[in-house]
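Novice: The following block contains the structure, expressed as structure tokens.
The values are calculated or read from the model by the stated rules, or taken from the named source; none is laboratory data. Just so it is clear, the model here is predicted, and its values are computed rather than measured. Note: accessible area is taken over every heavy atom of the protein model, side chains too, but ligands, DNA and RNA are not part of it. Shrake-Rupley method; radii C 1.70, N 1.55, O 1.52, S 1.80 Å.
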Amino acid sequence: MKKYGLIFLSALLIAALMLHGQEAAPPSVDLFPEQEEEEPSPTPPPNGPELPELKQLDDSFNKPKSLGKDADTLQVHALWRQLKNRTVNDPDVQAAKKYAQAAPTDLEKRKRLSDYYEVYYRRMSALATTPELKLALQALKDTHQAVLAQPRVRPSPTPEFSGTPSPTPTSTPFKKKAKEKHKKAKVHK
């Protein structure tokens, strides 16, 4: 019991000393008498480290935190699907798609589809809100445009090169061996 009484008494004594230690000095006391002889400075020195501007603080708090690469990819994909759903019903986009589907030849259809993708992705990019989404739209557009190209098909000569026609290679017909011909003939009889 004496032990608890001593602890309580010492805690009470410490609290009393702390209360008296917090009292302010009287206003007549000069803590720095040599500063009175000099001219007072027009602005007081700053009381701490320099703080960033309000705009910098707003920008740092308004940036969404990344949840990881996969989560960011899914978020961009979801935003893209929303834009796609909004853009599909646009009259200009529908007209460009119908025009592309009505092309009489394959070459003409690829050209019209290229124009359709221009209209489609320009409209989606205008509705996009984030730079990440705009980059994703550009990548999708490039992918669609690349599918339309046919690099293995020889292009027809352009007017600027028509003076020197390129030689057309001749193909040699495939000849069947005599034994294969004979076997096929027996099978068909």
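Novice: Could you list, in their original order, any pairs among 69/97; 84/109; 69/141; 69/134 whose Cα atoms are separated by more than 27 Å?
Specialist: 69/97, as the Cα separations exceed 27 Å there.
Novice: Against the 2.2 N^0.38 Å scaling, with N counting residues, where does region 75-126 land? I'd like the Cα-based Rg ratio to two decimal places.
Specialist: 1.23
Novice: Ignoring any ligand, DNA or RNA, what whole percent of the accessible area of region 46-156 comes from carbon and sulfur when the probe is 1.4 angstrom?
Specialist: That share works out to 56 percent.
Novice: How far, in nm, would the chain grow between residue 140 and residue 69 when pulled straight, counting 0.36 nm per residue and subtracting the alpha carbon separation?
Specialist: 23.7 nm
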